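Okay, so here's the structure we're looking at.
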């Protein structure tokens, strides 16, 4: 009887550790990663079926963050296992579907609990709406950064162009999350070939352990099923991250909500990254061909 009770206790403890993304000794499992964000440690469980792919090759990291707005810092990125294998082998993966998380630098060290997020959510949304008319100019700037980095790294004379960006709507607008979907067209051209594709990006802004992070799921956009996949997948990833980290309620404040108006525009331009990096890989492959 005592043995049975002991087995039950052990299974229960190990089971809860697994749900938290931990091994039996309480350390993060290989499917989860600790990331330092503004003096706090955030645990990022891997999205189902995906593996971490940043930090594998310095040149790839440099190329992919080149299309990141200066306002943002990338925290982590995930690809399929097959894309990771290509990356480790020295190749350039297509990244037809990928995940990444970013944080806006201006609020990285600011404590924002769930109540604070709710009280400033309308300011973030207003900033995002204001950015729509300015999005093409920002995309042109990010594409120019990407072109320069590819040339500096690989000597490739090629052109990355971003266009036809459209916010398709908000799929979440809750006290602890703001989710929107964006579509854009990505075009690349080299000396003897070109490629053109449409991408869809689902984004969620959410407070995690006192830090407001941006989560993105990106897919090639061929049918509405791709949009649905992105929205459902980023929401599921958010749920897993929130469950894996401590929750911070905080308090309501309105006096400084204007500070957060810049978070919306930064989140919108940050969404461009997932769609652009697949064709950055194509440029790299053309250079090596």
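The values are calculated or read from the model by the stated rules, or taken from the named source; none is laboratory data. Keep in mind that this is a model prediction, so the values were computed, not measured. With ideal geometry, Cβ positions are generated from the backbone for all residues, glycine too; neighbour counts draw on all protein chains shown.
Things to note:
- Residues of segment 221-252 satisfying the condition of being farther than 19 Å from residue 48 by Cβ and in contact with a helix residue (DSSP H, G or I) (Cβ under 9 Å, 6 or more places away or on another chain): 221, 247, 248, 249, 250, 251, 252
- Looking across segment 209-222, the residues that are farther than 15 Å from residue 167 by Cα and not in a strand (DSSP E or B) come down to 209, 210, 222.
- Unique residue being farther than 18 Å from residue 114 by Cβ, in a strand (DSSP E or B) and at pLDDT 80 or above when the list is 230, 266, 183, 225: 183
- Flag if residue 244 is under 15 Å from the mean Cα position of the chain (by Cα) and either farther than 21 Å from residue 196 by Cα or modelled with pLDDT of 95 or more (or both): no
- Screening segment 90-121 for residues that are at pLDDT below 90 and closer than 25 Å to residue 227 by Cβ and picking the one that is surrounded by the most Cβ atoms within 10 Å (Cβ to Cβ) gives 95.
- Looking across segment 17-51, the residues that are modelled with pLDDT under 50, in contact with a helix residue (DSSP H, G or I) (Cβ under 9 Å, 6 or more places away or on another chain) and assigned to a loop (DSSP other than H, G, I, E, B) come down to 20, 21, 23, 24, 25, 26, 29.
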